[in-house]
Each structure stands twice: as C-alpha cells, then as structure tokens.
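What follows is a set of notes on a single structure, which appears directly below.
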Amino acid sequence: MTAAVDTPPDDVLRVDGLDVSTADGRPLVKDVGFTIRAGERVGLIGESGSGKSLTSLGIMGLLPEGLRATGSVRLAGVDHELIGADEKRLSRVRGNDLAMVFQEPMTALNPTMRIGRQIAEVLLVHRARPDRASAHAAAVELLDQVGLPDPAAAARAYPHQFSGGQRQRVVLAIALANDPALLVCDEPTTALDVTVQARVLDLIVRGVADRGAALLFITHDLAVVATACERVMVMYGGRIVESGPVREVFTRPRHRYTQGLIAASDLTAVDDRGRLATIAGSVPAAGDFPEGCVFRNRCAKATDLCATRPAWTGTGPDAGYACFHPVPRGHGGVRAADTTDHQEARRG
C-alpha cells in the first residue's frame, strides 16, 4: 500500500496511487493520483467503462463485493487513511466530511420512509441536531434550499410521489445536510431532461459554493464540465491521461483521447459525407486495456513506442498529460468562447 501522505491545509482531498482490482488481481483502476483544493470544482470525464465511477467508489469506500482498493486516500480534517479503514470509521466520514450524489436517486432513497425523516436521520446520526424536532425543521429548510415548492408538504411525502428531478433535489439535500468538505457527484444529471438538468446542476454548484465545499463531478458530458467545473481530469483505461484547467484542456488538448472526446462532442461538425466525428473502435472491457498507453489500440497516431507506458508531462499530477504523440498546440480543441466559466457567468 502506498504510504499515507498528510493532506496540506488547502487540499480537501489527496489521492495517491489508487488502484482498484478484482479478487484475482485484474486491474480496473491503475495508479490514479490527484488533489482537490478547498472550494475547487473538478470534473472527471471519459467514456463509459473508463473507470470514473470505480474511482469515486474507491474513494468513498463503497466498492462492490469482490473488488479491492489499494493506495492512499486522505481527507482534510480526518485523522486516518480512508483506504483500508473499517466500516465504522468510514461511516463517520461518509455523510459528514464526504458525501455523494448518485445517478439514480431512487437507489439512495428508502421508498418506505417519508422524505423529511430521511433527511432528519442523516442529521441525527452525525449528531448535527440534538433531537428529532430540530432535525425535522432543518430538513424542511434544506428542502427549501434545493428549490422544492412547499417544503413542509414535501417533507411529508414519499419518494414515489416526486418526479426524477425532484428526487434528485432530495438526494442533494441529504448530501449537503452536514456541510461536507467534499461533494462527489456521479452522473447526477444524466437521467434528467435538459431543462431539469440545468436547474439541478445550478443547485449543485450553488450548494457547494454556499458551504465553501469542494466538488468532484463525474460525467461523460463535456458541456456540463465546462459549465460547472474549473479543472478537468480525463480518464481512460482506468488511468488519468490528461488534467488541467477546463479552458486549457478543452481549447488546447494534448492527449489524443481528449482530442477525440472533444471532436465527438461537437454535434455541429460533420465531414464531407455529413458524418459526425467518432473515436475509432470501442472501449475494451474493464481490465482488458492494453499495456503501455491504454489508448494505443484506438489511436491513429500509435507507434511501437506506445507499447510502453508514457511518462506524465506537466507541472504536477493535476496539470499535464501522458502521451508519446501529443496534439500540437492550437489543434483539436473548441473555441474559448464555447467554454463557460460558471463563476464568472453567475457574477455577470
């Protein structure tokens, strides 16, 4: 196991050498490392099967049975290593210092409990409120903060009485109830229609900003990252292949996979036959990525050199790329005007 490193005061989360593997040792996430600073909003993008959700579940200590995480995950304010910690210790951290919003809200809600009680339970378990009356009052206030009409009536309702967007607001209220230092969101808007998606996304950004919390936002939607995040990490084959400020990565990508993602996300760009851009091939099954550069079997620029693992080029784990044949500067990105700085937009 990688030796634990104390988290600097301005770092909320520090991940070092995170690996996720099956019981028989097949690697699914390999040597992932990054930091998230206090109040920072970071996106984690990549195609389905790239390892994004496994990374978040490894951080949270919620991996399915049969999978094992090694490495180091340190959270500011928590005096122990999260990797390998027992369930009792992890339960104290989850919902208090570290919270998560999943893609499907009904997986996080108890269908037999009223909404208000579910929020109140989180406050009582972590001793954020001294009794049920004050916890219920706080639950109603949280429902108001996430924009549910008539929050008192909403607190008396059951999950099935709400729409998908409303249920996701409830899950967000639960996640933010104890003012966590870091909120992890795993595709929280994917199942919602565009209008509802925008509203929920804005609630997430406002919720973490109001609390001074950091955000790790996992998605395959580059537009969502451009709207909500300041920094982005690109994942493929269980590895981080590029990382940096959103505007820098999206307008001047260096890794060939990042270039492909950006091209495929542009629904207005077509070739002379009217076809949209795609990345050749498909994502291999988890654990079946090639050795060396994990993207080499889909990359048009791959050479024999790519059979070895490319070194990280950059100023640190949070700014750089790992590619033998990087995209030349000024090629393969989107216009700077197409990337949105959410904070500036809100101030405007």
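No value in this document is a laboratory result; all are computed from the given coordinates. The structure presented is a predicted model; accordingly, all values stated were derived computationally and were not measured. Positions of Cβ are backbone-derived with ideal geometry, glycine not excepted, and every protein chain shown enters the neighbour counts.
When Met106, Met233 are arranged by Cβ crowding within 10 Å, least crowded first, meaning fewest neighbours, the order is Met106, Met233. For the peptides 122-133, 39-50, 292-303, the ranking by packing is 39-50, 292-303, 122-133, with the highest mean count of neighbouring Cβ atoms within 10 Å listed first. Using the Cβ-Cβ distance between Gln161 and Leu63 with R0 set to 30 Å, the FRET efficiency from 1/(1 + (r/R0)^6) comes to roughly 0.40. The relative contact order of segment 109-176 comes to 41 percent, based on Cα pairs under 8 Å that sit 6 or more residues apart. Placing +1 on each Lys and Arg Cβ and -1 on each Asp and Glu Cβ, with no other charges, gives the chain a dipole about its Cα centre of roughly 220 debye.
Averaging the sequence gap over all C-alpha pairs within less than 8 Å and six or more residues apart, then dividing by the number of residues, gives the chain a relative contact order of 20 percent.
Direction-averaged projected area, Cα convex hull, segment 109-176: 3.9 nm², rounded to one decimal.
The value of relative contact order for segment 97-251, using C-alpha pairs under 8 Å at least six residues apart, is 24 percent. Histogrammed with a bin width of 10 Å, the alpha carbon distances of the chain distribute as 5, 24, 33, 25, 11, 3, 0 percent, first bin at zero.
Among the cysteines of the chain, Cys185, Cys229, Cys299, Cys323 have no other cysteine beta carbon within less than 4.7 Å of their own. Between the amide H of Arg37 and those of Val12, distances stay under 5 Å, these residues lying 5 or more places away or on another chain, with hydrogens modeled in the peptide plane. Segment Glu87..Thr112, full-extension length gain: 6.5 nm, with 0.36 nm per residue of separation and the alpha-carbon distance subtracted. For Lys30, a cut-off of 17 angstrom between C-alpha atoms picks up these aspartates and glutamates, skipping any fewer than 8 places away in its own chain: Asp16, Asp19, Glu47, Glu242, Asp288, Glu291, Asp318. Distant-in-sequence amide contacts of Val184, defined by a placed amide H-H separation under 5 Å and a gap of 5 or more residues or a different chain, comprise Ala99, Met100, Val101, Leu216. Rounded to the nearest Å, what's the spacing between the alpha carbon centres of segment 25-49 and segment 145-206? Just the number, please. One Cα centre to the other: 24 Å. A protection proxy built from the mean count of other Cβ atoms within 10 Å ranks the segments 164-171, 31-38, 61-68, most packed first, as 164-171, 31-38, 61-68.
Rounded to the nearest 20, the Cβ-based charge dipole of segment 109-176 about its Cα centre (Lys and Arg +1, Asp and Glu -1) stands at 160 debye.
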